[in-house]
Amino acid sequence: MKDEILRHLRYGLGKDAAHSSVYDWRMALSRALRDRMVDHWIPSTQEAYASGSKRVYYLSMEFLIGRLVEDMASNLGLVDEAKAALKELGQDYETIVKDEPDAALGNGGLGRLAACFMDSLATLGIPAMGYGIRYEHGLFEQDFVEGQQVERPETWLQQDHIWEFERPEVQYPITFGGHVEHHDGKAHWHPSETVIATAFDTPVIGWEGRWGNTLRLWAAMPTKVFDLASFNRGDYLAAGRSEALARTICRVLYPDDTTETGKELRLKQEYFFTSASIQDLLRRFLSTHADIRTLPDAAAIQLNDTHPAIAGPELVRVLVDKHELGMDEAIALARRCLGYTNHTLLPEALERWPEWLFGRVLPRHLEIIREIDADHLRRHEGAPKILDHGNVNMGELAFIMAHKVNGVSALHTDLVKKTVFNDLHKIHPQRIVNQTNGITQRRWLKTCNPALSGLITRELGNGWVTDLDLLSQLKSRTGDVAFKEEFVAAKRANKVRLANWVTETMGISIDPDAMFDVQIKRIHEYKRQLMNILETVALWNEMRAHPDAGWTPRVKIFGGKAAPGYHVAKEIIHLINDVAAVINSDEITKDLLKVVYPPNYNVTMAEVLIPAADLSEQISTAGKEASGTGNMKFALNGALTIGTLDGANVEIREHVGPENFFLFGLTAEEVMERRTQPGFARAAIEASPRLQRVLGQIVEGRFCPQDQGRYHGLVGMLYDSDYFLVTCDFDSYYDTQRRADEAYKNARNWAAMALVNTASMGFFSSDRTIKGYAHDIWHVGSRLGAGEE
Ligand code: 26Q
């Protein structure tokens, strides 16, 4: 390893060891690791090709990967070797690992899920390819200026991204606009714009390098730098059109995790990567198969939400316009390939495009969608339509074109059947299935929490790394005082690591023996960070009134970004920061309560916060969080959950047992019922003196004396509408927090509860999730051990 690092330093980077920066060392280490990856990757690729086995194609607008060096070293079993080699070279592994930028090609849960799935697919030896977009700028970086979020562009590609291999030979034209002519019984699309999609491949190597798959991200290139004919005519703007489109199409990730309707560029991004992916998988298929009708035996195409839902009409278009299949046959064939995962019930997040805009960008696809609608209506009278009220409904399109539609937790799947897709579910009662989300324990325990994973491996061996159910053996250790002490010591070490980081980066000192209470996720009204900060103020009031009442010291930690155009979410951030400033400078409560909100929460920050958490905040309005996956990461790392009966919380509570979970709040059914009562929010506030007081303080400007009206709008909204029932759940949330305070005082018992949480997370491995998809939806198998067949 040492020689390889030095060789890359010299011949890859043109540096000698004496004059190398951290960046140079990182590049040299990464290249050394990459060589080893390639040695695992190429045989898998060859095997998948030679065996002709069915492949999974996972289409996702987002892959939220984070850093790669440590993950790659860990999956290849090279961490110790790399550390030792660098040490001999006088370099520090940790410093080098920390130099890597965080690849943030996603917004949140959906993108991170795709990254966990890629890890599990490779570890399970399932031939698969992830398809997405190689954004030049990932999710914006967040800063706080006087407590308010400001966004800075993210620039991960300004440094060499050495994990990828450019494939200039893999290129496809992607066309837009123009018009369609029909003659000789055929459709002829004459588009007005073309860009070239070109592939960049990143190897994804599973545990111990047993199998490797590919993440193929598409970048856009102009067909020609400029059109010389137009240029010579003096039409300089037209001459650069293709170049301009190519430059914008994969320039930036949309930072909204709820749909912003009517953005033409977003639709072009969706079609761009979907069409490239469909062309690519068809080319691969046709290079070894003669009969296009057998495509479903070779390709399972999974749509990560509706963002790639245009895959249905695109596949039909190629089958009909190029391969001359009949429309009905093409629709049925495409359906046998496609699966669709729904990630949201929020009505504002369901993708719809104005028909006029859709038809302008994709005129042939709009015609095909009319045919899909007609075909479906012919078979199922009165069925919901894709084209409705001048809109193209991407949810209906994905549903109708998929043979299986899945929700991401048991509760969510149930609600998908009862609400958004109720009518379609009645027509196709077998189509909706559940696949509860999962997370990869390789990144979210093994790599991010060496203290705890080392202890577990010492006790159980390392089988849990590929079989998380083995953690259940730890359940018998809840009475083992010595073991629990080590378990607690691991948590404490992680808390000290976090406390030091908070002091260094924010200048706030926090006590590692206080309860670390963490809410990290995108800022959204339904996730109710507002309720959390209101409860923080209420707790502070009580602490100030009775400072000697034997409080459990707390550190309230927040992390998360707001979509740049989401005004209320930005106000909530401002409020949290205002409250933090006041509380953190209070002499009376200085040993009892701190509020910490580090800016720019991302995967890398999660890897430090999660192992250090005691209490995991999963407090969404019941029925709104499709699953959540952070909830699983916390429990795996030995935090207890305070949460509602929402998303996967329900299943987590079943697995850990109700006595090891702090439950509060209305159920999804009660939420729907409560909303029908006029004035429910005002009534809830009137019934809670504690909440009244907090809202009064905020309105009076207690946390922003220089700008007293700042939160009138926000508080007014709670009185007048409170769609997410912050007011109704407030008291039960407050009381449950005090139960958590009491429980924390009994350290041994808390440790036992935390240990049961870790021990019960086997079900929430993304390995289990992927096996479920493979069996129920994709009908694919593993290639591991296939060589010996
Ligand atoms: C769509 C159109 C235009 C612009 C943006 C979007 C868009 C982008 C991202 C819509 C939604 C998203 C992301 C959604 C998401 O992350 N959903 C989360 O998915 C997780 C994985 O299943 C769940 O655990 C979470 O509950 C769910 O909120």
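Among the residues of region 142-158, count how many are among the charged types (D, E, K, R) and either part of a loop (DSSP other than H, G, I, E, B) or within 15 Å of the ligand (Cβ to nearest atom) (or both).
Of region 142-158, the ones among the charged types (D, E, K, R) are 143, 146, 151-152, 154.
Now narrow it down to the ones that are either part of a loop (DSSP other than H, G, I, E, B) or within 15 Å of the ligand (Cβ to nearest atom) (or both): 146, 154.
Number satisfying all stated conditions: 2.
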**Fill in**
How many residues of region 6-22 are surrounded by fewer than 19 Cβ atoms within 10 Å (Cβ to Cβ) and either among the aliphatic types (A, V, I, L, M) or within 29 Å of the chain's Cα centre (by Cα) (or both)? The answer is 5
**Message:** at pLDDT 95 or above, out of contact with any Gly (no Cβ under 7 Å at 6 or more places or on another chain) and assigned to a helix (DSSP H, G or I): is that true of Thr736 in this structure?
**Reply:** yes
**Message:** For region 748-787, which positions are closer than 14 Å to Asn660 by Cα and surrounded by fewer than 17 Cβ atoms within 10 Å (Cβ to Cβ)?
**Reply:** Arg748, Asn749
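Name the one entry in Ser620, Ser616, Ser688, Ser627 that is under 16 Å from Leu718 (Cα atoms) and within 16 Å of the ligand (Cβ to nearest atom). Let's see the steps before the verdict.
On the way: Ser616 fails: under 16 Å from Leu718 (Cα atoms); Ser688 fails: within 16 Å of the ligand (Cβ to nearest atom); Ser627 fails: under 16 Å from Leu718 (Cα atoms).
Just one listed residue meets the conditions, Ser620.
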**Asked** Within region 49-66, can you find the residues that are surrounded by fewer than 23 Cβ atoms within 10 Å (Cβ to Cβ) and of a type in the set (A, V, I, L, M)?
**Response** Ala50
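Would you mind listing the helices (runs of 4 or more DSSP H) fully within region 23-141 where at least 2 residues are under 26 Å from the mean Cα position of the chain (by Cα) and under 30 Å from Thr344 (Cβ atoms)?
Fully inside region 23-141 and qualifying: 109-124.
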**Fill in**
Of (1) part of a helix (DSSP H, G or I); (2) at pLDDT 95 or above, Phe703 satisfies every one except (1)
**Prompt:** Just one of the numbered conditions (1) farther than 26 Å from Ala606 by Cβ; (2) touching a residue at least 60 places away in the same chain (Cβ under 8 Å) is not true of Ser472; which one?
**Reply:** (1)
**Prompt:** Among (1) buried (at least 17 other Cβ atoms within 10 Å of the Cβ); (2) under 30 Å from Met221 (Cβ atoms); (3) within 16 Å of the ligand (Cβ to nearest atom), which single condition is Leu319 missing?
**Reply:** (3)
**Prompt:** On the given criteria, is Glu260 charged (D, E, K, R), within 16 Å of the ligand (Cβ to nearest atom) and either in contact with a Lys or Arg (Cβ under 9 Å, 6 or more places away or on another chain) or modelled with pLDDT under 95 (or both)?
**Reply:** yes
**Item:** Checking Ala299 against (1) within 16 Å of the ligand (Cβ to nearest atom); (2) aliphatic (A, V, I, L, M); (3) within 18 Å of Arg55 (Cβ to Cβ), the condition it does not meet
**Value:** (1)
**Request:** Among the candidates Pro354, Pro313, Pro308, single out the residue that is in contact (Cβ under 8 Å) with a residue 24 or more places away in the chain, crowded, with 22+ Cβ neighbours inside 10 Å and within 16 Å of the ligand (Cβ to nearest atom).
**Result:** Pro308
**Fill in**
Flagged pairs (Cβ under 8 angstrom, 6 or more apart or on separate chains; first in region 620-640, free of Cβ contacts under 8 Å to residues at least 40 places away in the same chain and under 15 Å from Arg522 (Cβ atoms); second outside any loop (DSSP other than H, G, I, E, B) and within 13 Å of the ligand (Cβ to nearest atom)) are Asn631/Gln618; Asn631/Gly643; Asn631/Asn649; Asn631/Ile652
**Request:** State the number of residues belonging to region 466-486 that are in contact with an Asp or Glu (Cβ under 9 Å, 6 or more places away or on another chain) and under 24 Å from Glu70 (Cα atoms).
**Result:** 3
**Request:** Considering only residues that are touching a residue at least 40 places away in the same chain (Cβ under 8 Å), of a type outside the set (A, V, I, L, M, F, W, C) and under 30 Å from His19 (Cα atoms), look in region 94-120 and name the one that is farthest from the ligand (Cβ to nearest atom).
**Result:** Thr95
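The values are calculated or read from the model by the stated rules, or taken from the named source; none is laboratory data. Bear in mind the structure is a predicted one, so any value in this text is a computation, not a measurement. Here Cβ is always computed from backbone atoms with ideal geometry, including for glycine, and neighbour counts include all displayed protein chains.
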